[in-house]
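*Asks:* Mind looking over this structure? Questions follow.
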Amino acid sequence: MQSVLSFLLIVLISSFALHSKAQEVIFGTNNYIEYQVGTLPLVISVPHGGDLDPASIPDRTCNDPVYATDAFTIETALEIKNALFSATGCYPHIVISHLERAKLDPNRNVADGACENPEAMAAWTEFHGFIADAREAVNQQYDSQTFFVDLHGHGNPIQRIELGYLLYDDELELSDNTLNTAQYINYSSIQNLALNNVNNYTHAQLLRGPFAFGTFLSNLNYPAVPSESIPSPGTTTNYFSGGYITANHTCYNPSAPINGLQMELNYGNVRDTPANRSAFALAFTQSVIGYMDKHFNLSWGACEPVSVNESANSERNLVYPNPATKGSLIHFDLPSDSSYLYRIVNVFGQSVSSGELNAQHTLQSEAFPSGVYIVEIVNESQVVSTKKLVIE
C-alpha cells in the first residue's frame, strides 16, 4: 500500500492544477515576462528558462555573455506552484522570463543583460519590476516574514543542489564563529533572519545546521550545499553563490527586506523528467514549509486558501481541527459513500503513518508528535487531497 501511495503522490500531484481556481497572471510587453500573482509568503523568480527567440532582439554580444538555458526550470517552478497549492490552497508569487538567455539575462545589470536593445531593456525592467511588486505585496501581507528563491539549473558534474546566500565558496569554508560575525552576516542574503528568527539560531546554523534549508532538502534525499551533511562546497567546484537578482531582491539590499537565496538545481533526478520534477516539487514544498515554520513567525492561513476543486470535496475544511491539539480527534470531511486510504508524512519526508481511514473518517492525534505534516488522502487510486496538518 505504501508504495502505491508514494507513486500516486509523485505522479498525480500535478493534476490538482487542472481543478484549481483561476490565478491572476500579468504579462509584460510582448508577453516576454510573466507574473503569476500569489498570496503565499514566497516569491520565486525564473530568469533563464525561456525559449522565445524574437528576431527584433539580436543575440547579446556585450560583456562576454552566457547563453546557456537552464532547462526545465520554468516547468519545475510550475510543478512547485502545483504542490504548494495542493498543500496550502494558495499560490506563490512567480516571475518568469520567457526570452532565451541569448536575448536577455535578467541576472545581470541592465547594461550587461540587455546590451542596450530597447525591447530587451523593457523586458529587463518589467522582470525586476514584477519581483519588486511581489516583494512589496508579500512583505505587507506577512509583515516581512517572507522568503525569496531565484530558481536556476546548473551543469556542474556534482549532482547536488547549490544554495547561494551571496557567500563565496571560500567563505563557506570559514568557521561558524567567523560566519556569525557582523561582517559575514552583512554579506548574507538571509541577514535579517540571522538577526531575528523564532528560535534565535545563529547565521551559521541557518546556513548549515540541522534546520537549514539545505538540510531539509538533504533529508528528503536531495543533497544540497550548504547543509548539515555538506557544510561547504569546496573551492574548486564552480559553486554558484548567487547573482544580481539575489543581491538586489533580498535583504542584502537594504531596500528589499526579504530573506532569500539563489537555488541551482542539478539536472538528473530533479529537472530531467516530468515525474522527477513533480517529486522534487513535493520535496521543495515540504522543505520550505518546514523551514519557514521553524524560523519565521507567520500564519499560513493568512493566504486565504481557496478550494482545490469545485466538487463537494472542499479543501478548506477537509481536515479539522487544524491546527490540532495533542490528544484531539482529527476529522476528514469526506463523502461517506467511499473508503479512503491515508498517508501522513513529516517535514523530513518520512512516512509516519498510513492505512485505511475508519468509517468515521477520523484519526487520533495522540499517535503523532507535535509538528508539521503533509496528509494525503486517496480514493479509488486517485488523490483526493494533499493537505498540510499542524499538531500542537
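*Asks:* I'd like to verify a number: residues in segment 335-353 that are touching a strand residue (DSSP E or B) at 6+ places or on another chain (Cβ under 6 Å) and either surrounded by 17 or more Cβ atoms within 10 Å (Cβ to Cβ) or modelled with pLDDT under 80 (or both), how many?
*Replies:* Total meeting the criteria: 10.
*Asks:* Here's another thing I want to ask about it. Show me the helices (runs of 4 or more DSSP H) entirely contained within segment 140-233 in which 1 or more residues are in the same structural domain as Ala256 (by TED's automatic domain parsing), of a type in the set (Val, Ile, Thr) and over 22 Å from His93 (Cβ atoms).
*Replies:* Here the list reads 176-179, 182-187, 213-219.
*Asks:* Return the total of residues in segment 228-250 being over 19 Å from Gly209 (Cα atoms) and touching a Ser or Thr at 6+ places or on another chain (Cβ under 7 Å).
*Replies:* Total satisfying the criteria: 4.
*Asks:* Taking the stated definitions as given, is Asp59 modelled with pLDDT under 95, over 17 Å from the mean Cα position of the chain (by Cα) and surrounded by fewer than 24 Cβ atoms within 10 Å (Cβ to Cβ)? Spell out the reasoning first.
*Replies:* Numbers: modelled with pLDDT under 95: no; over 17 Å from the mean Cα position of the chain (by Cα): yes; surrounded by fewer than 24 Cβ atoms within 10 Å (Cβ to Cβ): yes.
Criteria not met by Asp59.
*Asks:* If Thr246 satisfies all but one of (1) crowded, with 23+ Cβ neighbours inside 10 Å; (2) among the hydroxyl-bearing types (Ser, Thr, Tyr); (3) outside any helix (DSSP H, G or I), what's the number of the condition it fails?
*Replies:* All conditions pass for Thr246, except number (3).
*Asks:* Determine, yes or no, whether Leu193 is surrounded by 15 or more Cβ atoms within 10 Å (Cβ to Cβ), modelled with pLDDT of 95 or more and closer than 27 Å to Asp272 by Cα.
*Replies:* no
*Asks:* Could you please find all residues in segment 44-86 being among the β-branched types (Val, Ile, Thr) and outside any loop (DSSP other than H, G, I, E, B)?
*Replies:* Result: Ile44, Val46, Thr73, Ile74, Thr76, Ile80.
*Asks:* Here is a further query. Within the bounds of segment 63-71, is there any residue that is among the aromatic types (Phe, Trp, Tyr) and under 19 Å from the mean Cα position of the chain (by Cα)?
*Replies:* No: zero hits.
*Asks:* Continuing with this model, one more query. Residue check, Ala111 against (1) surrounded by fewer than 17 Cβ atoms within 10 Å (Cβ to Cβ); (2) assigned to a strand (DSSP E or B); (3) not charged (D, E, K, R), all met but one. Which one?
*Replies:* Single failed check for Ala111: (2).
*Asks:* Okay, moving on. Evaluate segment 250-267: report whether one residue or more is in a helix (DSSP H, G or I) and crowded, with 22+ Cβ neighbours inside 10 Å. First the steps, then the outcome.
*Replies:* Start the filter on segment 250-267 by keeping residues that are in a helix (DSSP H, G or I), which leaves 267.
Checking the rest, the ones that are also crowded, with 22+ Cβ neighbours inside 10 Å come to none.
The answer is no; no qualifying residue exists.
The values are calculated or read from the model by the stated rules, or taken from the named source; none is laboratory data. The structure presented is a predicted model; accordingly, all values stated were derived computationally and were not measured. Positions of Cβ are generated from backbone atoms using ideal geometry, with glycine treated the same way; all protein chains shown enter the neighbour counts.
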